[in-house]
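Novice: Dropping the structure in here first, questions after.
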Amino acid sequence: MIKYDLHSHTTHSDGQLSVAELLHRAVDKNIDVFAITDHDTVAAIKPAQHIIDTENLPLSLITGVEISTRWESFEIHIVGLNIDTENSDLTALLLEQQQKRETRALEIGTRLAKNGFDDIYEQAKELAKDAQITRAHFARALIARGVAKNFPGVFKKYLGRGKTGYVPSSWCDMQTAIKAIHAAGGVAVLAHPSSYQMSNKWLRKLLVEFKSVGGDAMEVAQPQQAPSDRQFLGELSREYDLLCSQGSDFHFPTSYLELGKNLYLPKDCRGVWQAWEKQEGAAT
Ligand code: AMP
Ligand code: MN
Ligand code: MN
Ligand code: MN
């Protein structure tokens, strides 16, 4: 059985392992087909391919990205897989998104400073270094100041939707992200559909919209989910005629989440890899 993990992050966004560390860990976990999907950047992809080639790692890399979009009042993440990372439409969109990240980070910093967290922007930026700055960097800075013990705690208190440090973003819409992914020859995947804190009625509305603007696939399998959730997402994928993806969304080692762990699709689900395996088949 081929082992796929098609969602992961490096220090080029809010992951805490370098590209090399992440790849070595993926090999350790016996992953065969691996996608790096940093937030709004493809900076990890070339270095990753270089490391795989020079070290002759037994793993095949699927190029990827995770694009933040706005739909209704939600921030919806769309993963692009098997993309041409040099495509000009995609590159232009990612540049815009990166500028939005920077603007939003400054605003988050201002808001938090007003609430007693002086220089928190500078601290988050120091953690991010050259990476795309995310709320996770602010979360780490706030945790270092002792406001909460862990990520869920700090998002609940300060960074989650509607909280003091939450700045509604001006991310692109879903159609724009999907178009750019398609322009780059990729497959557009709705990321972690169960994580948006929306009712099933809204989730169905989201799937209708995602499909109608060209979405190709949805994530169905994640390491930590309840079996009933996986089953339900599998059923939705069939109902809305979407291919199925699986990914750990790995950011850093924890006791509860691991690369490649517990990733399999429910029966009768069509793997998203069919999209590129078909292309390869047609090309030969
Ligand atoms: P951003 O894309 O800058 O809005 O940052 C979002 C990132 O923060 C996500 O990709 C997660 O890595 C992390 N994150 C968001 N919400 C939570 C949460 N409730 N608990 C833990 N991490 C979170
Ligand atoms: Mn993240
Ligand atoms: Mn995400
Ligand atoms: Mn992710």
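Novice: Please list, or write none, the aspartates and glutamates whose alpha carbon is within less than 16 Å of the alpha carbon of Lys267, excluding same-chain residues fewer than 8 places away.
Specialist: The qualifying aspartates and glutamates are Glu219, Asp229, Glu235, Glu239, Asp241.
Novice: While we're here: At 222 nm, what value in deg cm²/dmol follows for the chain if DSSP H runs of at least 4 each add -39500 (n - 2.57) and the sum is divided by all its residues, to the nearest 500?
Specialist: On the way: 10 runs with 117 residues, N = 284.
It comes out at -12500 deg cm²/dmol, rounded to the nearest 500.
Novice: Placing +1 at every Lys and Arg Cβ and -1 at every Asp and Glu Cβ, with all other atoms neutral, what dipole size does the chain have around its Cα centre, in debye to the nearest 20?
Specialist: Rounded to the nearest 20 debye, it is 1160 debye.
Novice: Output the relative contact order of the chain, whole-number percent, from Cα pairs under 8 angstrom with separation of 6+ residues.
Specialist: Working: 516 pairs, mean separation 57.9, N = 284.
The value is 20 percent.
Novice: Averaged across orientations, what area in nm² does the convex hull of the alpha carbons in region 62-191 project?
Specialist: Mean projected area of the Cα convex hull: 7.9 nm².
Novice: Next question, about the same structure. Given H placed 1.01 Å from N in the peptide plane, which residues other than close sequence neighbours of Thr63 have an amide H under 5 Å from its amide H?
Specialist: Long-range HN contacts for Thr63: Asn82, Ile83.
Novice: Select from region 31-109 those GluC sites (Glu not before Pro) which occupy a DSSP coil region and have at most 14 other Cβ atoms within 10 Å, ordered by residue number.
Specialist: Glu72, Glu86
Novice: Which value in nm describes the separation of the simple spin-label points at Ala226 and Asp89, placed 7 Å from the Cα toward the beta carbon?
Specialist: Output for this residue pair reads 4.0 nm.
Novice: Distance from the Cα centre of region 105-165 to that of region 1-65, in angstrom?
Specialist: Region 105-165 and region 1-65 have Cα centres spaced 27 Å from each other.
Novice: Find how many whole Å separate the alpha carbon centroid of region 168-206 from the alpha carbon centroid of region 242-284.
Specialist: That distance is 17 Å.
Novice: Leaving out ligands, DNA and RNA, what percent of the accessible area of the chain is carbon and sulfur, probe 1.4 Å?
Specialist: Here carbon and sulfur together make up 50 percent of the probe-accessible area.
Novice: Need the full-extension length gain, Val147 to Glu72, defined as separation in residues times 0.36 nm minus the C-alpha distance. One decimal, nm.
Specialist: 23.9 nm
Novice: Further question on the same structure: In whole Å, what are the extents of region 159-257 along the principal axes defined by its C-alpha atoms, from largest to smallest?
Specialist: Extents along the principal axes: 36, 34, 29 Å.
Novice: Taking every pair of distinct Cα atoms and averaging 1/r, then inverting, what Kirkwood hydrodynamic radius in Å comes out for the chain?
Specialist: Over the chain, the inverse of the mean reciprocal pair distance is 19.3 Å.
Novice: For the chain, which DSSP H helices look membrane-span-like by this rule: Cα extent along the axis of 27 Å or more and mean Kyte-Doolittle of at least -1.0?
Specialist: TM-like helix candidates: 88-114.
Novice: Another one. Over all Cα pairs of region 92-169, how is the pair count split among 5 Å bins, expressed in % and running from 0 up to the last occupied bin?
Specialist: 3, 17, 29, 27, 15, 6, 2, 0
Novice: On to the next question. Between the DSSP loop rule and a limit of at most 13 other Cβ atoms within 10 Å, which trypsin sites (Lys or Arg not before Pro) in region 206-284 are left?
Specialist: Lys267
Novice: Next question, about the same structure. Give Lys129/Lys205; Lys114/Lys261; Lys129/Lys261; Lys46/Lys149; Lys149/Lys261; Lys156/Lys205 a once-over and call out the pairs whose C-alpha atoms are over 31 Å from each other.
Specialist: Values: Lys129/Lys205 38 Å; Lys114/Lys261 42 Å; Lys129/Lys261 29 Å; Lys46/Lys149 35 Å; Lys149/Lys261 25 Å; Lys156/Lys205 26 Å.
Cα-Cα > 31 Å for Lys129/Lys205; Lys114/Lys261; Lys46/Lys149; rest within.
Novice: Oh, and also: Using the heavy atoms of the protein chains and a 1.4 angstrom probe, tell me the accessible area per residue for the chain in square angstrom.
Specialist: Per residue, the chain has an accessible area of 45 Å².
The values are calculated or read from the model by the stated rules, or taken from the named source; none is laboratory data. Treat the numbers as computed from the prediction; the structure is a model and nothing was measured. Virtual Cβ from ideal backbone geometry, glycine too; neighbours counted across all protein chains shown. In case anyone asks, the SASA skips ligands and DNA or RNA and just uses the protein heavy atoms, side chains included. Shrake-Rupley method; radii C 1.70, N 1.55, O 1.52, S 1.80 Å.
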